[in-house]
1. Counting pairs of alpha carbon atoms under 8 Å apart in space and at least six apart in sequence, what relative contact order in percent does the chain give?
2. Could you give the length gained by full extension between K115 and Q212, i.e. 0.36 nm per residue of separation minus their alpha carbon distance, to one decimal place?
3. Express the Stokes-Einstein translational diffusion coefficient of the chain in µm² s⁻¹, to the nearest whole number, given a Kirkwood radius over alpha-carbon pairs, 4 °C and a viscosity of 1.567 mPa s.
4. So for S235, S120, fewest C-beta neighbours within 10 Å to most, what's the order?
5. Excluding I320 itself, what net charge comes from residues whose Cβ is under 15 Å from its Cβ, given Lys and Arg +1 and Asp and Glu -1?
6. Would you mind counting up the charge near E173? Only other residues with Cβ under 9 Å from its Cβ, with Lys and Arg at +1 and Asp and Glu at -1.
7. Mean-square fluctuation check for the chain, GNM, Cα pairs under 10 Å: which of E113, E155, E173 is largest?
8. How high is the FRET efficiency between Q52 and S238 when r is their beta carbon distance and R₀ equals 56 Å, given to the nearest 0.05?
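Derivation of every value follows stated rules applied to the coordinates shown; laboratory data play no part. In this text, all values refer to a predicted model and were calculated from it rather than measured experimentally. When we count neighbours, we look across all protein chains shown, and the Cβ atoms used for this are built from the backbone with ideal geometry, even at glycine.
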Amino acid sequence: MKRKLALILTACMLLVGCGNTSAEKEPVAFTINGEEVGLREWNFYIRMNQMQWEKELLDSYGDDMWGREVDEQGTTMADDLKKEVLDTICHIHLANQHAEQYNVVLDEAKQQEIKERAASFMDSYHENLLQYADADEEFVCEKLSERELSILTAEASVADFVPEISEEDIHREGICYVLISTTGLWDEKGNLEPFSEEEVERRTRVAQELCQTARESRDLKTAAEDIGLTPIESSMGSSNEGDGQEPRMLDAARRLKVGEISDPVWTEEGWFLVQHTSDYDEEGTQYWREYLTDQAKEQEYARIYEAWEETADIRFNQEIMDRVDVEIVLKELL
């Protein structure tokens, strides 16, 4: 293993030009509107993203994950990784090429913050991985600065954009709901221990009894708390689109007049009870206004970026790019 590691690290140093004299020029992986993206940057982003993918997927796919085909065209997971990294690098550089247009710069406070993040980055990763990625603190600081500038440029490009959002779209009404779960309990290892049939039946009775008690008091929140349940005070719009809450519960809530409480609503999670508490929820409406505005700005920036990308002159040096392969899993370095 030590011999294999030594060979890998030696290959990496040769790959990205570690130890080169100042007279030697770093190989160019590709250019974006004439701006050169060096092999070192390409390798760095590949390795750091490779690490993230393996962290999330290695247990599911195994050590041969990078050679696995993901479509009928024979595209491998390694190909997908490289495509995602290429998109990321292009996005950063294209945005930064428009930073001056929006008067975007990194002020001293932001630069100091980035320096601290770079130092923290270097402390967070194993030295063998950092060496494989050819990452030193100065280089990491440079890449973090570029990424931060691209984010600020994206924000600036849509800062004055005011989307057309109707009051009907953002109007929210108040609800309060409670879930009586019938699935089971999670143990310390994260495994679900299903409830017995008897326990499911008992919880069903609890839902029915709570419904009756809450209707008598016209107060679901207090009735639920009195028996040790945790009610959720929330809001609902005119549709379920993008809401993220249980749709059957929301459908039941919309059929209620203000103050009314639903029958128990069966879902895969268990029984929901919901009360329609008000015909206008100020906090929920404001949140939804901000949420839909942010969504619209993201869509507008996607349109702006697509225009930049369509007119961009991106030229690849495939021979250089292919020097960065994705074959072994990074745990072999550690």
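1. Computed over the chain, the figure is 25 percent.
2. 28.9 nm
3. 52
4. Going from least to most buried by this count: S120, S235.
5. -3
6. 0
7. Result for the chain, Cα springs under 10 Å: E113 fluctuates most.
8. 0.90
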